[in-house]
Amino acid sequence: MFILDLSSRGVKILANFQSQFMTLTLGGLSLGFIYVLIALGYTMVYGVLRMINFANSEIFMFGTFAAIIVIRDIFNFTQQSEPATGFRLVFILICALLGSMFLSGIISILLELVAYRRLRNRGANKLAPLISAIGMSIVFAEFVRIITDSRYVGSPRVMEKSSLATFFGADIRLDNTIVVVAGFILYIILQQFVQRTRLGKAIRAVSMNEEAAKLMGVNLNAVISGTFLIGGLMTGAAGFFYILKYENTVFSIGFELGLAAFTAAILGGIGNIKGAFYGGVTLGLLETYASFFLGTQWKAVTVFLVLVIVLYFRPNGVFGEAITQTRA
Amino acid sequence: MKNQRSISVVAAIALAVGTAVAIAPASNAAARVVTIAYQGPLTGDDAQTGVDELNGVKYAVKLFNAKNKGKYEVKIVEVDDQGSGTESAKVAPGTASNKKIIGVVGPAYSGATIAALPFYKQTGMPMISPSATRVSITDPAQGLIGFPVFHRIPATDAVQGPALYKLATKGVTSPVVYVIDDQSPYSTGLVDYMKKGSGVSIVGTDSVSDKTTDWTATISKITSAKANVVIYTGYYAQAATLFRQLRDAKYTGVLAGGDGVLSNGILTLASTSVLEGVRLTGATVPLSEVSAALETDFKKSMGVSSGTYATETIDATNVFLSCIGKGISTRPNMLKCVKAFKGKSITGLPIQFDKNGDVSGGPMNGFEIKSLQFKFTGAIK
């Protein structure tokens with residue numbers, strides 16, 4: 001009787017999954033692209049320094065607040081405001097995106113100067129910058145907690161979340177489309193930047209062999225600052241997309257999203273740009289499907305179980321060191 | 001002569017000022033200083049609830065101090081537990097060991113109450129909560145963990161659970177109800193009591209973390225179940241994200257929540273189009289419903305409108321103040337006085353605690369959000 005009941009429940013869930021498959025996939029994809037951009041922040045720094053930037057989660061948090069400041073305080077949107085349309089909407093979205101990228105980029109550079117550079121120049125061991133980054137992460141989060149009274153901060157709706165089309169019963173919504181398309185464009189730009197530009201080549205050179213790169217005349221400090229800036233810009237963009245999709249933030253938001261993105265980076269292979277991409281997208285989809293099939297309470301269990309299994313067979317993540325030419 | 005007159009005038013003024021200064025401390029010194037505390041979330045996700053309640057305490061104390069000038073002076077110690085059990089366990093020992101404090105209004109939340117209870121019980125600290133509604137605190141079948149120090153003004157979740165279902169489904173033809181909890185004891189408890197109500201039918205449930213931001217999977221389940229009533233039993237910050245994403249997904253049915261959502265905080269986190277028509281329960285009566293004049297006076301006195309649980313907070317504070325007015329100045333005497341208290345709420349209903357610390361017969365009321373404001377819809381019957 002119990003087995004019959006279980007199997008009939010299974011059949012019902014499968015039938016529901018079929019009808020909701022595209023909705024879940026589109027939702028999971030847009031969440032995944034936010035993970036991708038944050039994971040790129042982790043991966044860029046790891047690729048060059050071989051160290052985890054634990055403050056990247058707070059760089060993301062600053063990006064979310066910057067987007068709200070632009071929307072709410074510069075363009076004077078309130079919860080009662082009518083959403084913008086046309087060129088005005090495009091202008092506001094671009095300003096908010098640039099505002100988030102700018103603030104996160106600047107803070108990321110400052111972070112490198114304060115938490116990494118001096119320690120590196122004085123020959124500190126690998127653990128010292130790790131701890132100083134964690135310290136900066138706590139300082140950033142507590143600073144924002146104090147000035148916001150630990151409260152959630154809502155973003156007024158700047159854009160009507162209208163449906164562009166219907167695809168296999170699922171609405172293709174404007175906000176999800178923007179997140180996926182713009183996220184993908186940023187990923188391609190970053191990949192091309194690392195492959196084709198002078199700074200990109202220098203980043204790859206430092207990533208492969210720091211000493212040899214120095215001997216070839218690469219300015220190590222400039223490359224590392226540049227890497228932090230690029231990582232900050234990507235993470236800041238994620239902050240903007242997060243606000244566009246979820247419309248609120250809080251001082252601790254970086255911890256939740258940062259942990260997920262870090263997991264994505266590890267899943268794909270940290271230090272590997274392609275790894276961050278596939279890791280982020282996979283994690284977004286995995287979380288969404290697991291929540292639907294097993295119940296939301298099983299999401300974290302499923303994700304980390306998959307991570308452990310993947311690492312068991314591929315200790316360096318799915319892509320690991322295999323794609324050295326695209327490693328940052 | 002002119003100089004002599006000037007000196008006399010100056011001397012007279014000095015004498016008058018000196019006398020006034022000398023008299024003033026004498027009258028203050030005669031006033032007996034008594035301290036009570038308020039404990040609730042003054043920072044954190046649920047700070048709005050705590051700030052609203054603290055304003056209620058301040059208002060009641062301000063009126064009392066003005067009425068008893070020269071006789072009593074009541075001071076308030078603010079204890080911030082961020083609405084969490086973890087924080088409460090950190091701050092409660094300090095409050096319990098502060099011998100000046102002879103009573104605590106609060107804690108606001110049940111989890112924080114349970115965490116604080118060992119410290120307050122150990123030191124015999126009388127507590128009156130305006131909003132902690134978890135049944136187990138005063139339920140003999142579940143260990144009566146609040147006895148003997150805990151008391152509360154509102155009705156419990158045993159009343160709220162079924163009432164929330166009733167309110168959410170009111171006027172809905174063929175309701176298909178989907179219930180979501182946030183995995184906290186308050187939230188899951190509310191669902192459990194809801195299920196015990198008569199005629200309750202729930203098509204599906206989901207249990208999500210209170211940090212959830214992406215609700216895609218839950219919404220897909222709601223859509224699959226063809227639910228036309230969604231009840232969320234967590235707190236307002238998550239409720240705002242869930243309700244917004246549901247409306248974005250073209251869900252047009254009823255949205256409802258318990259008193260965890262009934263906080264001014266939600267009104268700043270989502271737009272009118274999302275929140276319009278949201279149905280909420282609360283064992284509270286808005287001060288403006290009690291008396292428009294009282295609300296006006298509150299606003300004039302505190303500089304802000306009254307918030308959620310202002311009425312119950314004023315009631316809880318008034319119980320302590322009534323005892324202080326009888327000359328009570330120690331914790332053991334305060335506890336005896338609270339237990340023997342027989343009086344009236346500012347709503348006119350009687351307040352008398354039973355042996356477990358509850359006031360029987362408290363109503364469970366309904367609210368609806370209209371144009372980003374809570375509209376009181378009366379007792380749920």
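The values are calculated or read from the model by the stated rules, or taken from the named source; none is laboratory data. On a predicted model such as this, the values are computed, not experimentally measured, just so you know. Cβ sites come from the backbone with ideal geometry, for glycine too, and all protein chains shown count toward neighbours. Note: accessible area is taken over every heavy atom of the protein model, side chains too, but ligands, DNA and RNA are not part of it. Shrake-Rupley method; radii C 1.70, N 1.55, O 1.52, S 1.80 Å.
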Of all residues in segment A:223-246, count the ones that are of a type in the set (D, E, K, R) and away from chain B (no Cβ under 13 Å). 0
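Yes/no matrix, rows are residues, columns are (1) small (Gly, Ala, Ser); (2) free of Cβ contacts under 8 Å to residues at least 12 places away in the same chain; (3) open to solvent by 10 Å² or more (accessible area, probe 1.4 Å):
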| position | (1), (2), (3) |
| --- | --- |
| A:Ala39 | yes, no, no |
| A:Asn56 | no, no, no |
| A:Ser81 | yes, no, yes |
| A:Leu110 | no, yes, yes |
Here the qualifying pairs (Cβ atoms under 6 Å; residues six or more apart or on different chains; first in segment A:151-170 and more than 8 Å from every other protein chain (Cβ to nearest Cβ) and open to solvent by less than 30 Å² (accessible area, probe 1.4 Å); second among the aromatic types (Phe, Trp, Tyr) and in a loop (DSSP other than H, G, I, E, B)) come out as A:Val158/A:Phe77
Residue check: is A:Phe17 open to solvent by 60 Å² or more (accessible area, probe 1.4 Å), among the hydrophobic types (A, V, I, L, M, F, W, C) and either over 23 Å from the mean Cα position of the chain (by Cα) or within 14 Å of chain B (Cβ to nearest Cβ) (or both)? no
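Are there helices (runs of 4 or more DSSP H) fully within segment B:37-123 with at least 1 residues that are in contact (Cβ under 8 Å) with a residue 60 or more places away in the chain? List them. Walk me through it before giving the result.
On the way: elements: B:47-67, B:85-97, B:110-122.
Result: B:47-67, B:110-122.
For B:Ala237, indicate whether it is within 9 Å of chain A (Cβ to nearest Cβ), buried (at least 24 other Cβ atoms within 10 Å of the Cβ) and without any contact (Cβ under 8 Å) to a residue 12 or more places away in the chain.
Working: within 9 Å of chain A (Cβ to nearest Cβ): yes; buried (at least 24 other Cβ atoms within 10 Å of the Cβ): yes; without any contact (Cβ under 8 Å) to a residue 12 or more places away in the chain: no.
In short, no.
Pick out the one residue from B:Lys250, B:Lys211 that is on the phi < 0 side of the Ramachandran plot, within 8 Å of another protein chain (Cβ to nearest Cβ) and not in a helix (DSSP H, G or I).
Values: B:Lys250 fails: on the phi < 0 side of the Ramachandran plot.
It is B:Lys211.
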Matching residues in segment B:253-278 - criterion: being facing another protein chain (nearest Cβ under 9 Å) and more than 23 Å from the chain's Cα centre (by Cα): B:Ser271, B:Thr272, B:Ser273, B:Val274
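Could you go through segment A:210-222 and let me know if any residue there is away from every other protein chain (no Cβ under 13 Å) and among the acidic types (Asp, Glu). Step through it out loud before you land on a result.
First pass over segment A:210-222, keeping only residues away from every other protein chain (no Cβ under 13 Å): A:210-222.
Filter again for among the acidic types (Asp, Glu), leaving A:210-211.
Checked against the condition, which is being away from every other protein chain (no Cβ under 13 Å) and among the acidic types (Asp, Glu), segment A:210-222 yields at least one hit.
Do we find that A:Ala115 is under 19 Å from A:Ala141 (Cβ atoms) and not acidic (Asp, Glu) in this structure? Don't jump to the end; show me each part of the working.
On the way: under 19 Å from A:Ala141 (Cβ atoms): yes; not acidic (Asp, Glu): yes.
Criteria met by A:Ala115.
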(1) over 19 Å from B:Val172 (Cβ atoms); (2) of a type outside the set (Asp, Glu); (3) modelled with pLDDT under 90: which one isn't true of B:Ser220, the others all being true? (3)
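Are any residues in segment B:273-299 over 30 Å from A:Val158 (Cα atoms) and open to solvent by 50 Å² or more (accessible area, probe 1.4 Å), and if so, which ones? Show your work before the answer.
The initial filter retains those residues of segment B:273-299 that are over 30 Å from A:Val158 (Cα atoms), namely B:281-299.
Of everything in segment B:273-299, those that are over 30 Å from A:Val158 (Cα atoms) and open to solvent by 50 Å² or more (accessible area, probe 1.4 Å) turn out to be B:Ser288, B:Glu289, B:Ala292, B:Ala293, B:Thr296, B:Asp297, B:Lys299.
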In segment A:261-279, residues that are open to solvent by less than 30 Å² (accessible area, probe 1.4 Å) and either hydroxyl-bearing (Ser, Thr, Tyr) or within 10 Å of chain B (Cβ to nearest Cβ) (or both) total 1
Please work out if A:Ile52 is of a type in the set (A, V, I, L, M, F, W, C), touching a residue at least 40 places away in the same chain (Cβ under 8 Å), touching a helix residue (DSSP H, G or I) at 6+ places or on another chain (Cβ under 9 Å) and part of a helix (DSSP H, G or I). no
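For the condition open to solvent by 10 Å² or more (accessible area, probe 1.4 Å) and within 14 Å of another protein chain (Cβ to nearest Cβ), what is the one hit in A:Thr296, A:Thr288, A:Thr249, A:Thr282?
Details: A:Thr288 fails: open to solvent by 10 Å² or more (accessible area, probe 1.4 Å); A:Thr249 fails: open to solvent by 10 Å² or more (accessible area, probe 1.4 Å); A:Thr282 fails: within 14 Å of another protein chain (Cβ to nearest Cβ).
Sole residue among the options that is open to solvent by 10 Å² or more (accessible area, probe 1.4 Å) and within 14 Å of another protein chain (Cβ to nearest Cβ): A:Thr296.
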Report whether or not B:Lys195 is within 14 Å of chain A (Cβ to nearest Cβ), free of Cβ contacts under 8 Å to residues at least 60 places away in the same chain, among the charged types (D, E, K, R) and open to solvent by 10 Å² or more (accessible area, probe 1.4 Å). no
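Does segment A:119-150 hold any residues that are hydroxyl-bearing (Ser, Thr, Tyr) and either within 14 Å of chain B (Cβ to nearest Cβ) or closer than 30 Å to A:Gly27 by Cα (or both), and which are they?
Passing the criteria: A:Ser137, A:Thr148, A:Ser150.
Tally the residues that are open to solvent by less than 10 Å² (accessible area, probe 1.4 Å) and either more than 11 Å from every other protein chain (Cβ to nearest Cβ) or within 31 Å of the chain's Cα centre (by Cα) (or both), restricting the search to segment B:214-234. Spell out how you get there, then give the answer.
Filtering segment B:214-234 down to residues open to solvent by less than 10 Å² (accessible area, probe 1.4 Å) leaves B:215, B:217-218, B:220, B:222, B:229-234.
Going one step further and asking which of them are either more than 11 Å from every other protein chain (Cβ to nearest Cβ) or within 31 Å of the chain's Cα centre (by Cα) (or both), we end up with B:215, B:218, B:229-234.
Of the residues in segment B:214-234, 8 are open to solvent by less than 10 Å² (accessible area, probe 1.4 Å) and either more than 11 Å from every other protein chain (Cβ to nearest Cβ) or within 31 Å of the chain's Cα centre (by Cα) (or both).
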Filtering segment A:171-185 down to residues that are in contact with a helix residue (DSSP H, G or I) (Cβ under 7 Å, 6 or more places away or on another chain) and β-branched (Val, Ile, Thr), which residue is least open to solvent (accessible area, probe 1.4 Å)? A:Val179
Identify, by number, the condition in (1) open to solvent by less than 20 Å² (accessible area, probe 1.4 Å); (2) assigned to a helix (DSSP H, G or I); (3) hydrophobic (A, V, I, L, M, F, W, C); (4) touching a residue at least 40 places away in the same chain (Cβ under 8 Å) that A:Val70 doesn't meet. (4)
Please go through segment B:160-187 and give me each residue that is within 18 Å of B:Ala108 (Cα to Cα) and open to solvent by 20 Å² or more (accessible area, probe 1.4 Å), ordered by number. B:Ser184, B:Pro185
